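Visitor: Take this structure first; my questions come after.
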Amino acid sequence: MPTNSLSDARCKAAKPTDKPFKLFDGGGLFLWVSPKGAKIWRTAYRIVGKQQTISFGPYPDVTLAEARAKRDELKAKLREGEDPSGKTEDAKPKLFKDVVSAYWEGREDVTPSYRSNALRGIEMHLYPTLKKEPINNITLDDLLNALRIMDAKGLHVYVRKVRMWVSQVFEWAVENRYVEENLAAKIKSEKAFGKTRVKNFAAVDLREVPSLMSRLALEDQNLQSILACKLLALTWVRTTELRLMEWSEVNVEERIWRIPEGKMKRRKDHLVPLSKQALEILEKMKARSRGSKYVFAAEHRLDRPMSENAILYLLHRIGYKGKMTGHGWRSVGSTWANENGYNRDAIERQLAHSPEDKIRAVYNRAEYLPLRTEILQDWADWLMTTKDNCENLSGDDW
């Protein structure tokens, strides 16, 4: 194999896949890329006839040139009969905080906000006791005690997230031989921590939808919150995704709204078919856009999206406080589709849910798109029909 075959551009461009893979530079040096986006320099060598692998650290913290230099140093030691496995220990980040930073800075497969939330959670709740501890000195009791401080404060849900985030750090540390085992994986949240009663987003029953639609029809149909609530109902997206919707993401001719990966909960772009009723709402919003990039801009700040509580406050005002939320439309819509026999996988794809089966989770963003288009159009037509049957309202009210 030729030596020095990699380029920095190729290292930067390497994207994670569902399985780890290697980019070989020659001379035993390769860049290992994990499914979660971590990139680690490693070199394979033989000593006393046995295959060994040593890590030089994460890319880009360790540059391509530095990794090559370390490989050459390793080869020189091998020629002198030395075993390099114990000679690079000091180069490894030992402190817990260093390993946490190295791992999360290498997570290119998640959104900046997710990475920031994970780092902040670990910094706020684990750094007070573990920050300056060598990670290989941390015991299971040390980690569990730090997490139980959170649990004692009533953060029963959040402590589970922090345990998950730090488990990913330890798993990465195991791969890089900073520690022998993933201590966080040994902590079973269901046994170690308390529980909070789960509160799902409030959503009306399907039988109550006609009354809700009739009540919405009594409001000024030009109110932005009304139009936003309707489009939320028609698209099954999350409230945040609707708030941040931009005109550049909408293709009227193809009747598709493409939500870019950076705005999605899971870092994959998402296609939303637009029914004729959804397009009518967008036409109204375009006429009043005043040049904002946002479809639903703030009333007095065109450079900002509308308030995150605009739809919720609307529902409170018309008498649905505690009964319905904007997010609740996802539950109502999916319940309707499931009860009417539509393909379950297509419904889950439209909700931007990944299947529990990891093999089935790898899917094309356009999968089931024709069926998803049919589902959302049939759903929109049903909303019209159910409202009309309930109150004998004209289609123009919708």
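Visitor: Could you pull out which residues in the range 211-226 have an amide N less than 19 Å from a spot 7 Å beyond the Cα of GLU308, following the Cα-Cβ vector?
Guide: 225
Visitor: Something else: Testing the spin-label approximation: label points 7 Å from Cα along Cα→Cβ at GLU108 and VAL252. State their distance in nm.
Guide: 3.8
Visitor: Stretched out fully, how many nm does the piece from LYS286 to HIS316 gain, at 0.36 nm a residue minus the Cα gap?
Guide: Numbers: separation 30, 0.36 × 30 = 10.80 nm, distance 2.70 nm.
So the extension gain works out to 8.1 nm.
Visitor: Using only DSSP helix segments of four residues or longer, with each worth -39500 (n - 2.57), what per-residue ellipticity at 222 nm results for the chain after dividing by its residue count and rounding to 500?
Guide: -13000 deg cm²/dmol
Visitor: Ok, one more. Amide H of PHE21 versus every other amide H placed in the peptide plane: which residues, excluding those fewer than 5 positions away on the same chain, fall under 5 Å?
Guide: VAL33
Visitor: Follow-up. Mind checking the dipole of the chain: about its Cα centre, +1 per Lys or Arg Cβ, -1 per Asp or Glu Cβ, Debye to the nearest 20?
Guide: Details: 68 positive and 55 negative charges, 194 e Å.
Result for the chain is approximately 940 debye, rounded to the nearest 20.
Visitor: How high is the relative contact order of the chain, given as a whole-number percent (alpha carbon pairs under 8 Å, six or more residues apart)? Numbers along the way, then the final one.
Guide: On the way: 501 pairs, mean separation 46.2, N = 398.
Reported as a whole number, the value is 12 percent.
Visitor: How many nm is it between the label spots at HIS156 and THR385, if each spot is 7 Å from the Cα in line with the beta carbon?
Guide: Label at HIS156, label at THR385, 4.3 nm between them.
Visitor: To continue, here is another question. Along the Cα-to-C-beta direction of ASP220, a point sits 7 Å from the Cα; which residues of the range 311-337 have their amide N less than 16 Å from that point?
Guide: What the label zone holds, given the 16 Å backbone N cut-off, is 311, 314-315, 317-318.
Visitor: Between LYS77 and LYS276, what length in nm is gained on full extension when 0.36 nm per residue of separation is reduced by their alpha carbon distance? If you can, show how the numbers build up before the last one.
Guide: Details: separation 199, 0.36 × 199 = 71.64 nm, distance 7.02 nm.
Contour length minus the Cα-Cα distance gives 64.6 nm.
Visitor: Taking only the C-alpha atoms, wrap a convex hull around the range 206-397 and report its volume per residue in Å³ as a whole number.
Guide: Numbers: hull volume 23.1 nm³, N = 192.
That works out to 120 Å³ per residue.
Visitor: Take the range 132-224, compute every pairwise Cα distance, and split them into 10 Å bins from 0; I just need the percent in each bin.
Guide: Going from the shortest bin to the longest, the percentages are 14, 31, 17, 11, 14, 11, 2.
Visitor: Ok, one more. Taking H placed 1.01 Å from N in the peptide plane, check which residues at least 5 places from LEU95 or on another chain put their amide H under 5 Å from its amide H.
Guide: Excluding prolines and chain starts, which carry no amide H, the hits are ILE135.
Visitor: Considering the chain as a Gaussian network with a 10 Å cut-off on Cα pairs, which listed residue, ALA310, ALA76, ALA173, attains the greatest mean-square fluctuation?
Guide: Comparing ALA310, ALA76, ALA173 in a Gaussian network model of the chain, the most mobile one is ALA76.
Visitor: Report the Cα-based extents of the chain along its three principal axes, largest first, to the nearest Å.
Guide: Each principal axis gives a Cα extent; for the chain these are 90, 51, 44 Å.
Visitor: Assuming 0.36 nm per residue, please report the length gained on full extension of the stretch THR53 to PHE21 beyond their Cα-Cα distance.
Guide: Numbers: separation 32, 0.36 × 32 = 11.52 nm, distance 1.50 nm.
Here the segment from THR53 to PHE21 would lengthen by 10.0 nm.
Visitor: With label points built 7 Å along Cα→Cβ from the Cα atoms of ALA192 and HIS353, find their separation and express it in nm.
Guide: Between ALA192 and HIS353, the label points sit 2.8 nm apart.
Bear in mind these aren't lab numbers, they're just calculated from the coordinates by the rules spelled out. Note that the coordinates shown come from a computational prediction; the quantities given were computed from them, not determined experimentally. Positions of Cβ are backbone-derived with ideal geometry, glycine not excepted, and every protein chain shown enters the neighbour counts.
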